[in-house]
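In what follows, a single structure is set out as structure tokens and then discussed.
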Amino acid sequence: MEISVFNIKGEDTGKKVTLKDGVFGVEPNDHIIYMDVKQYMANKRQGTAKAKERSELSGSTRKLGRQKGGGGARRGDIKSPLLVGGARVFGPKPRDYSFKLNKKEKALARRSALSYKLKEDAITVVEDFTFEAPKTKEFLTVVKNLKIENKKLLLVLPKNDDVIYLSARNVQKMNVTTVFELNTYKLLDAAHLVLLESSVNAINNF
């Protein structure tokens with residue numbers, strides 16, 4: 001499918017870029033999308049939650065009351081989980097939440113997310129641009145010219161550009177990434193996708 005290329009003034013340049021059907025036109029697989037997002041979120045978890053068990057608490061091991069005749073449940077030492085300040089039964093332990101997902105599955109998830117964006121008409125292609133110096137005001141002007149303000153945006157660059165990144169850093173609901181850092185979570189988290197013209201060729205190889 002071909003899509004028009006705009007300049008930073010919001011004008012149609014007359015140029016077209018081809019969005020490869022094998023990347024932007026696949027039948028979306030919702031389950032693979034779910035698994036890829038789940039893996040992304042799981043990999044971000046620190047897994048450092050820890051509660052002390054009975055053997056790890058400091059405290060007297062003296063039996064607090066006699067075994068029978070007290071009129072209540074049998075009670076051991078002060079570290080009992082039944083008491084305030086006692087240990088926790090089956091509490092959390094440090095663990096690794098990450099899990100494996102095949103490369104082909106991750107690629108299919110990205111293609112599915114990109115296909116959803118194209119179906120929703122939520123992709124804008126812009127001529128390659130940069131600024132002489134980081135200017136948030138200039139970046140906001142570009143967004144306004146493209147008529148995509150007030151949307152949660154994801155700008156995809158072909159490679160790192162500190163000037164653009166610094167210009168967009170303080171803009172609300174705006175994220176900047178590169179083609180090689182693009183993932184399913186970032187695609188779905190954005191309401192609208194802004195691709196630089198040279199980014200399209202790299203994404204077509206996904």
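Couple of notes before you dig in:
- Residue list for segment 120-132, restricted to those being closer than 19 Å to A191 by Cβ and either crowded, with 16+ Cβ neighbours inside 10 Å or touching a residue at least 40 places away in the same chain (Cβ under 8 Å) (or both): A122, I123, T124, V125, V126
- Pairs, first of a type in the set (F, W, Y) in segment 167-195, second open to solvent by 60 Å² or more (accessible area, probe 1.4 Å), C-beta under 8 Å, six or more apart: Y185/Y40; Y185/M41
- Residues considered: A113, A87. Of these, the only one that is under 18 Å from the mean Cα position of the chain (by Cα) and surrounded by 18 or more Cβ atoms within 10 Å (Cβ to Cβ) is A113.
- Of all residues in segment 24-54 being among the hydroxyl-bearing types (S, T, Y) and in contact (Cβ under 8 Å) with a residue 24 or more places away in the chain, the one that is least open to solvent (accessible area, probe 1.4 Å): Y40
- Boolean, I3 is modelled with pLDDT under 95, among the β-branched types (V, I, T), under 27 Å from the mean Cα position of the chain (by Cα) and open to solvent by less than 80 Å² (accessible area, probe 1.4 Å): yes
- So T48, is it touching a strand residue (DSSP E or B) at 6+ places or on another chain (Cβ under 8 Å), at pLDDT 95 or above and among the polar types (S, T, N, Q): no
- Residues located in segment 158-191, provided they are open to solvent by less than 10 Å² (accessible area, probe 1.4 Å) and either among the basic types (K, R) or farther than 22 Å from A107 by Cβ (or both): I164, S167, A168
- Any hit, segment 133-149, residues being buried (at least 16 other Cβ atoms within 10 Å of the Cβ), touching a residue at least 40 places away in the same chain (Cβ under 8 Å) and in a strand (DSSP E or B): no
- Cβ pairs under 6 Å, 6+ apart, first in segment 83-103 and of a type in the set (V, I, T), second assigned to a loop (DSSP other than H, G, I, E, B): V89/P81
The values are calculated or read from the model by the stated rules, or taken from the named source; none is laboratory data. Every value quoted in this text rests on a predicted model; they were computed, and no experiment measured them. Neighbour counts are summed over all protein chains in view; Cβ atoms, including those assigned to glycine, are modelled from backbone coordinates with ideal geometry. Each accessible area value is taken on the protein alone, full model and side chains, heavy atoms only, with ligands, DNA and RNA left out. Shrake-Rupley method; radii C 1.70, N 1.55, O 1.52, S 1.80 Å.
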